[in-house]
Structure formats: C-alpha cells, structure tokens
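Novice: Below you will find the structure I want to go over with you.
Values in this text are rule-based calculations from the coordinates and carry no lab data. Only a predicted model underlies this, so the values are computations on that prediction, with no experimental measurement involved. Cβ atoms come from the backbone with ideal geometry, glycine included; neighbour counts cover every protein chain shown.
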C-alpha cells in the first residue's frame, strides 16, 4: 500500500487529488481509451495526408468527407445507444431504403412539400422503431432476431414501394445533403465568413461550458483535473475545430448543411447519454439488466424507446441518403447497418453492453470515412477497400482488448 | 528445507498498478494436511492462490514456489495442473448444458485419435463420482443438479487430473448446511488418500472442524500460522483476532431499539413458482415490522425467504401472487419495483453481483441508481450533486476507495455491499429488506454493516434482515420469524431466541404444523 492512501478516510474530499495517478487513471479507464481512439483518427488522417500528397485535406475533399459519411454518423449515434443497452440493430440499412422510398413517393406522387415529407420520414422511422421495440421490449424476442426479420421485411417493403428508382425530387430536398449554408456574409481572404463564424462560436461554446463545469466542481470541493491537463485538452479541441473550420471555409460551398445537422445531433445525444436520467438508464441496463430492474428502472420502457429513437435516426439517415442520391433506390442502404455497428466497436463500445460513447462512435465513423476517402483518392480497388476496412475493424477491437488486458484486472 | 512439505511459497510479492497486493508472503503446507487460509476480503488470499495455480504466471510476481522440494515456474493453469495442483474457484467453472461426464473430462477428453470414446468417458466418470459420493448418472446435465452437487463434480474433475494439491476457494459459500457437511467430509476422506488440500473460507467453524493448520493473511502479509491441534486448541476467536489484528470480543454492536408504529404488514401472502405454477413457494405468510425495529427472517435454503422478499418488492419474483400488503396501516398495491420504491420499500439483494450492482460503472452512478429522480430536474442529472452524495456515503459508510469515480467491480465484497447499502439508504425508504447483508464479507466489515443497520433502525426505519447465519440474526434482531417450506412456522422475540429453537421451527414439516 502506498503511503498516500493512509490519510484517506479522514481527509476532506478536496484532498483526493493526492491519490496516485495510476489509481485515478484506473477510475477513468473509459476516458483513456477514448483518447486512444482520437489519436488513431489523427494518425490515420496524417498517414493518408502523406500518402495522397496532401489531397486528403483539400477543402472540397473534407466537405465531401462529411457529406458522404453523414449517414454513418447519424446511424452510429442511434446504434451506440442500442449496443450500450446490450442489443443490436441489423435492420437500419433496410429501414433507410424503406423510409427513403416513402419520402420520395410522398413528394413526387403525392405532392407533399419537402419539409412535410422530411417530417413524415422521421415519423415513419419512429413507427418502424416502435414496431421493433415492441417485439424486443415487451415480447422479449432477442433484438438480433427481431431486427434480422426487420432487415428482410423493410427491404421487401422498400422494393414494393420504390420498384427500382423514384427520381425527380425537389431541389430544396436534395440540398439537404448536397448543399451548404448560405454565404450571406461574403468572403474574407477567400474564406467563407459564415463557416469561420460557426467555428468560432463552437470553440467559444466548448470553452465556456468546460470552464463553467470546472468552476462548479471546484465550488463543491470535488475533484478537478490539474489545470495543465485541462488547458491542454481544451487547446487541442480548439485547434482541431479551428483547423477544420479554416479548411472548410475554403471549400466550394463553405459549411455543408449535413455537417450542421450531424453536429447538432452529436451535441444533443452526448447530452442525452451523459447528463439525463434516460441516458443513465441505458448504461445501467447494459451494465447489469437485473440490477437496473431491481433498482426501479423500467427496463422494458427504456428498451422500447431506444428502438424508437434508432428508427427516427434511421429515418434521418434515409433522408440524407435519398437527398444525396437525388432519388430513392430500392437497393439503397445496403450494409449501412454494418458500417454503423463497425463505427461503434471501433469507437470503443463493448459487445456485452454497458460501455460506449457517442463521441467514440462518431470518431469510429470518421476513421472508416477517412479510410474510404483516402483509399479512393489512391484509387485502390473497391474490393480491396472493403477488405482493408474489415481488417481495421478487427485490429481496432483487438488493440483495445490487448490494452485492457495489459492494464490488468485483479 | 524439510521434505515433508509438499509446498513452500517463499517471499511472494505481487504488485498491481498502484497497489502491492502481496508483500513477502510465506506459506508452507505439509504433505497430507488440510491447510486453511484465513483473512479479510482483500487481504490477498485469492491473489496468492492465483499465483500458486498459474493464473498469474511466473514472472508477474516476485518470490519462489517450491513443490515437493523442486522449484517450479508455472506459465499457466495447465502447467500447474500437470504438477498436480488444481484450483476450484468460488464461481464454479462448469459448462451448464454439458453432462457431468463431459464436464469432468473437459479439456482432457477420453479420446483416441481425436474421436471421443463415450463409453470410457462415462465409465471413468462413474468411478470418480463414486469416489466423491455423488449419486448421479454421468450423463446428467449440469443445469439439472444443484450447486452442492456441482461442487462435487468439480472435485471429481480435479481427481481425474490426478491431483496432489487441491485448492478450494470458498467451497461452501453457496452450499446449505447438509451439502457443506458432506463436502467437508469428502475433503477429510481425500486427506486419508494422501491428497493435500488448501481451503480458503470465511466460515471459521468449518475451519475449526477440518483444518490441521491455519495461515492468516492480513493486508497482503503473512501474519501467523496456527497449529489447530497443538497444545492449545485454536478457537474461532483466536482466528478472528489474527484476521482483524485485534480481538473482537463483541461481534455485534450493542443496540437498544426504540420501536414505534407498525410500518409494514403483509397478510396471507402466497406466491407460486414462476415456472412450476402449481407449486407454492410462499404459503399464506403473514409478517409485520414496526418503525425502529429490526426483524429477522430465518429459514433453510428453499424455505422461501428471498422469494417472499422479492415478490413483495414489486413482484420481482413469482407468479400468481396473492395476499394483502399494508404500508402505515393503508393497503397498497406494489405492482412493480417503481411502485414499491415509491411506497418506501427497498430490497438489497443477496446476490449483489448479479442483481445489485453495475460492476462496470462507477461508485457514484451505482449509489444514485435507485433514486436518480432526486438528483434530476427535467430529466437532466445534476452530476455535481450526484458526486457529493456519493462522497458523503463514502465517508459515512467508510467505503474504502481512492475515489467515487472508481469502478464498483474493483472493490472488495464488503465495500461493494456498502455501495449497495448506500444506494438504498439514499433512496430513503421506510422499510429496508436486507437479504444476506453480510454474505461473503469479512468479520471487520460485518461489524460495520451491523452498525449501519442499527443506525437505520434508530432513524425510524423498519429493517428486515434475511440471513442464513443464526448467531447473526440472534445478535442483531429484535424479533425473528422462522420460515419453512414457504410458511411462517414461528415467531421468536430476541430474549427467547436460541439457535436450537429457531432450527426447530425452520425444520418444521408441513404435516406436523398445528394450523
């Protein structure tokens, strides 16, 4: 036993800061792994930046990166919640095709305004989620089976609705995925001012919220991380957002609309998972379902709403995908479920549930996206791209496991 | 060195990041003896045995292991098993859907050129089962036999590996008295056949009964080795003194209850088995508890104690539940756990790892789990307040941890139990049902738990304690109900309670009841 521990019982809570770093890190195990994933993303970006002679981080490529991968990030947000609760959803790809078909048909054949069609798409996604959530939560069929069935059901229904393709969609609808924020503030040194403004606001919001959280902790005499570490972390985040902002501001359109959508979803769902009772219940269920239920958590209700939420997000992904293709295609969304699941596991989610974060899933999605784009720029055969992505998934999880094992369990 | 020692572990030191789990531990075991290892939870007993059995391979620790005079360096469990050292863990490692015979020879299949010889497997298994005194067919599946018999299968498995040194980690923790007695008898008869056993146990009466030598470990260090049958017979009190480093003259804190109004009463409570719905698990039970009172529930395994508590706690167990529940004199319906909690009833489970805690989450999140609503506004959790609550319980209940952000799975059993208690104390119930609150907990921590129970009663809560340890019930309860086959067969006030009397009620058969 280290001597630092001896005064522990009598010491006031603020004095905990004297606890040895090793033990403190053990308590923050989840965070340390998160940093690892961020590091991996940076390494992969730099690697491809070199391999592609700097083409990867060209402004238009970065904008395209987000436009191409928005669907994975949206699905991964919902999927990480499903996985943390100890379930899986194999149906999201088919649901994307199904909802996309309904949205397209409602605009082209029924003449619904595009905004109404979008809301309809989210609602239909929610109904699909409720259908699957009912079977999982209230009938007790494993999600693997329910969503495997859903994969077939909704792919079939998509074929019925769409036929092959429904094209000729309104341009405002298509702009959701292909458009950018309007440049009403003009340019400064060729940089889109709106984009710069958004970047500055984002950095400001993060700094203010973090400093306030720290102040609250200190006021209550709870543990605060050393000021150096805190400042370094904030600075790194600010630099990351700053670099991204500057690059995007040079792109053809400025900030892609989908990036704003995804950004809002990330903030909202990070809050939901980290700060709300609902989010806490998801982690509690995934960590030990029986204990959660005996603590008064209505596990069935939570399960149900997790799937409803997944359905709504699949609806959102359907809208983004359909808008990007400019048409509803019956075969759309193929393998989307696998992309989303892979993103979650690369991002550190545990197969057994209870562990996983929105930020991890997003970074996982970005790692896959950067790989896709980098390999495409290098004109690697798509078949090889697929194989490489598979290996990355395997190695990411293996790396994680080995790290965990080395950390040692008593 | 003396050659009659089958095992010598010398100056074993094992470090984990930030902690020294074992420091210069020495252990000498004579050939053919039963050697007990005692120590509080977290003292390092299991770590020492994991080193001996190769779970922590050579090179991850310092020190030397000498087996039958030869220094050995185990690289893994298979390595140690080849040397005749077999460990049986507290959590049994049997595959539930395989047969007894398949389990015995798992990893050691009776096969020729990769093809299993089932007749040989089953006949060899039958011989081993006869040796351990288990009257079951070798093709019976593990799920179909009880924990006591599973323990015997584990021993048969060890015998199939030609064990010389058998290590048993808490072998009787999950067994009832009868199965425990059989198991201890078996360990004695193995001794007569020249098999040395090391046994880790919290049950000091068992150690007193079977052990030849006892080594006591405290805080990762060897404290002393006692000859059990020397000139002075070693008593339980003597062992406890070594374990806690002081003598515990009084194992139960002094307490006088201030008993108030009735807070909970159930009448004619009947619960059927969830699968076999014709079977009554709780049969027409009526009990009550008053504010400030500590009420015990005694009963043998299968008497329906846990089933009674869990069916009451929001119908968490059973089917076709009937009967009436009254809270503060008013009849209440407790349809689900949420309703039970709202009516001020809390239930702390006997199986904290399975039902009580989220082991992969932090202390603070576990403490707040059942009353998160108190810390939230509009569904948003106030994390600062949450951490303060956890900090407060860390100090009040003396949870030994560097920080409340530590994972619960890393804590010792006693500290985990304190987290479970914190969770329910924070929910601020009027009635607290504690199911085996001190199971698997060392003596020192038990005393602390009793103190907490007394404090809760003093705050005016009604406390119901379910326990298999009769001295514990007699030591802390104001009144004790005895259960047998789902029925309340007796009610004894503290002053009249003796183990004999309770046991008499607990074993009362159905047809001899005067009702």
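Novice: Sorting A:98, A:66 on the 10 Å Cβ count, fewest up front, what's the list?
Specialist: Ascending number of Cβ neighbours within 10 Å: A:66, A:98.
Novice: Another question, if that's okay. Comparing A:363, A:200, A:320, which has the greatest mean-square fluctuation in the GNM of chain A with Cα pairs linked when under 10 Å apart?
Specialist: Of A:363, A:200, A:320, the most mobile in the Gaussian network model is A:200.
Novice: Checking a compactness column here: for the range B:161-283, what do you get for Rg(Cα) / (2.2 N^0.38 Å), N being the number of residues?
Specialist: 1.55
Novice: Restricting to DSSP H runs of at least four residues, report the calculated mean residue ellipticity at 222 nm for the protein assembly as shown, -39500 (n - 2.57) per run over all residues, nearest 500 deg cm²/dmol.
Specialist: -15500 deg cm²/dmol
Novice: So for the range A:183-255, averaging the separation of alpha carbon pairs under 8 Å that are six or more residues apart and normalising by length, what relative contact order in percent results?
Specialist: This gives 48 percent for the range A:183-255.
Novice: Out of all Cα-Cα pairs in the range A:302-386, roughly what percent, to the nearest whole number, are more than 16 Å apart? Before the final figure, lay out the partial values.
Specialist: Values: 2343 of 3570 pairs.
In whole percent, the share of Cα-Cα pairs in the range A:302-386 beyond 16 Å is 66.
Novice: Among A:118, A:264, A:392, which one shows the highest mean-square fluctuation when chain A is modelled as a Gaussian network with alpha-carbon springs under 10 Å?
Specialist: Checking each option, the largest mean-square fluctuation is seen for A:264.
Novice: Using Cβ counts within 10 Å as a stand-in for footprinting exposure, how do B:113, B:30 rank, fewest first? Could the numbers behind the result be given before it?
Specialist: Values: B:113 4, B:30 15.
Result, fewest neighbours first: B:113, B:30.
Novice: Over all Cα pairs of the range B:225-329, how is the pair count split among 10 Å bins, expressed in % and running from 0 up to the last occupied bin?
Specialist: Calculated over all Cα pairs of the range B:225-329, the distribution is 12, 29, 20, 17, 17, 5, 0 percent.
Novice: Based on alpha-carbon positions alone, could you give the equivalent ellipsoid semi-axes of the range A:90-182 from the gyration tensor, as √(5λ), descending, whole Å?
Specialist: One finds semi-axes of 28, 14, 11 Å for the range A:90-182.
Novice: In square nanometres, what is the average projected area of the Cα convex hull of the range A:183-255? Provide the component values of the computation, followed by the final result.
Specialist: Values: hull surface 21.5 nm².
The Cα convex hull of the range A:183-255, projected and averaged over all directions, gives 5.4 nm².
Novice: Oh, and also: Of the DSSP beta bridges with both residues in the range B:142-278, give the percent that are antiparallel, rounding to the nearest 5.
Specialist: Counting DSSP beta bridges with both partners in the range B:142-278, the antiparallel share is about 55 percent.
Novice: Quote the relative contact order of chain B in percent (integer), defining contacts as alpha-carbon pairs under 8 Å separated by 6+ residues.
Specialist: 14 percent.
Novice: Averaged over every viewing direction, what's the projected area of the C-alpha convex hull for chain A? Give it in nm², one decimal, please.
Specialist: Working: hull surface 91.4 nm².
That works out to 22.9 nm².
Novice: Of the candidates A:82, A:262, A:103, which one comes out as most mobile in a Gaussian network treatment of chain A with C-alpha springs shorter than 10 Å?
Specialist: Among A:82, A:262, A:103, the largest GNM mean-square fluctuation belongs to A:262.
Novice: Next up: Share of antiparallel DSSP beta bridges in the protein assembly as shown, in percent to the nearest 5?
Specialist: About 60 percent, rounded to the nearest 5.
Novice: Let me ask something additional. I'd like the distance separating the alpha-carbon centroids of the range B:44-122 and the range A:71-97, in whole Å.
Specialist: Using only Cα atoms to place each centre, the spacing works out to 42 Å.
Novice: Using every alpha carbon pair in the range A:147-226, what percent of pairs falls into each 10 Å bin from 0 up to the bin containing the largest distance?
Specialist: 13, 18, 18, 16, 25, 9, 1
Novice: Based on other C-beta atoms within 10 Å, arrange A:196, B:297 from fewest to most.
Specialist: Details: A:196 21, B:297 25.
Sorted ascending by nearby Cβ count, the order is A:196, B:297.
Novice: Using only alpha carbon positions, build the gyration tensor of the range A:184-337, then give the equivalent ellipsoid semi-axes as the square roots of 5 times its eigenvalues, largest first, whole angstrom.
Specialist: 33, 30, 11
Novice: Between residue A:290 and residue B:251, with labels modelled 7 Å along Cα→Cβ, what's the label distance in nm to one decimal, could you check?
Specialist: About 2.8 nm separates the two model spin labels.
Novice: What is the mean projected area of the alpha carbon convex hull for the protein assembly as shown, to one decimal in square nanometres?
Specialist: Answer in nm², one decimal: 44.7.
Novice: With no solvent and one point per C-alpha, what does the Debye sum give as log10 I(q)/I(0) for the range B:429-486 at q = 0.19, 0.25 Å⁻¹?
Specialist: Listed by q, the Debye log ratios stand at -0.70, -1.15.
Novice: Still on this structure: Based on the mean of other Cβ atoms within 10 Å per residue, sort peptides A:110-116, B:96-102, A:240-246 so the most packed one is first. Let's see the in-between values first.
Specialist: Values: A:110-116: 13.4, B:96-102: 18.4, A:240-246: 15.6.
Answer by packing, highest mean first, reads B:96-102, A:240-246, A:110-116.
Novice: Bin width 10 Å, alpha-carbon pairs only: give the P(r) of chain B as whole percents, running from 0 to the bin holding the largest distance.
Specialist: Final binned percentages: 4, 17, 25, 26, 19, 8, 1, 0.
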